[in-house]
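What follows is a single structure, written as structure tokens, with notes after it.
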Amino acid sequence: TPLGRSLAVLLLGAALFGAGCSDMLARQPLEKQRFVLAPGRPDPVSGSRAGVLRIAVVRASTPFQNRGFVHRTGDESFKSDFYNEFAAPPGILLRDVLVEWLRDGTHFETVVQGSEAPSDWLLEVDLEALYADLRDAAAPHVAIGITARLLDARARGAAIAFQKHYAVSEPTAD
């Protein structure tokens, strides 16, 4: 009967689908990996200190605001990695690293963040690039780009005392 044949086809299809999925269901799911930024320590600086430095919130460009690692796949195309990500948004991690790093070997008496205490200097940082460049599969590399501005908070209108763009790209194995 047509109903019996339809039921047999449906059961056969379900059995084949179930057999195909059993391998997929038996595998362990991929786990997310979370990473932090951990640069080396600076050499201590001797001599006079230049007052109190306040580090502002690091502003990350839109493609680099989220936790997922960013892969550049074309001149104008990026994708986010669901399984490999930072432990916190990159701007927050970078600010924490800057505070720790500048406190260790700094030219400043004190380095603060998130404080409304009076400061002599204000460091602003824009995170403009942070990605794995996969456009050339034979030579992948990682890239970071920031612009740093040191403002003299003692001056009226917080004049820019120093500004520089930094960019670095390093080869990576995978």
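Scoring D120 on the criteria (1) more than 30 Å from S46 (Cα to Cα); (2) in contact with a Lys or Arg (Cβ under 6 Å, 6 or more places away or on another chain) leaves a single failure, condition (1). Of all residues being aromatic (F, W, Y) and surrounded by fewer than 17 Cβ atoms within 10 Å (Cβ to Cβ) in region 74-103, which is farthest from the chain's Cα centre (by Cα)? Just the residue, please. Among those that are aromatic (F, W, Y) and surrounded by fewer than 17 Cβ atoms within 10 Å (Cβ to Cβ), it is W101. Screening V57 on (1) buried (at least 16 other Cβ atoms within 10 Å of the Cβ); (2) in a loop (DSSP other than H, G, I, E, B) shows it passes everything except condition (1).
Report yes if some residue within region 86-106 is touching a residue at least 12 places away in the same chain (Cβ under 8 Å), in contact with a strand residue (DSSP E or B) (Cβ under 9 Å, 6 or more places away or on another chain) and assigned to a strand (DSSP E or B); otherwise report no. There is at least one residue in region 86-106 that is touching a residue at least 12 places away in the same chain (Cβ under 8 Å), in contact with a strand residue (DSSP E or B) (Cβ under 9 Å, 6 or more places away or on another chain) and assigned to a strand (DSSP E or B). Of note, V168 does not satisfy the criterion of being open to solvent by less than 90 Å² (accessible area, probe 1.4 Å), under 19 Å from I92 (Cβ atoms) and β-branched (V, I, T).
Residue count for region 104-129 satisfying the condition of being modelled with pLDDT of 85 or more and either of a type in the set (S, T, Y) or open to solvent by less than 50 Å² (accessible area, probe 1.4 Å) (or both): 14.
Please determine, by comparing only the residues of region 37-46 that are more than 19 Å from V125 (Cα to Cα) and either in contact (Cβ under 8 Å) with a residue 12 or more places away in the chain or of a type outside the set (G, A, S) (or both), which one is surrounded by the most Cβ atoms within 10 Å (Cβ to Cβ). Selected residue: V45.
The values are calculated or read from the model by the stated rules, or taken from the named source; none is laboratory data. Since the model is a prediction, treat every value here as computed from it, not as a measurement. Virtual Cβ from ideal backbone geometry, glycine too; neighbours counted across all protein chains shown. Just so you know, the surface numbers come from the protein's heavy atoms only, side chains and all, with ligands and any DNA or RNA stripped out. Shrake-Rupley method; radii C 1.70, N 1.55, O 1.52, S 1.80 Å.
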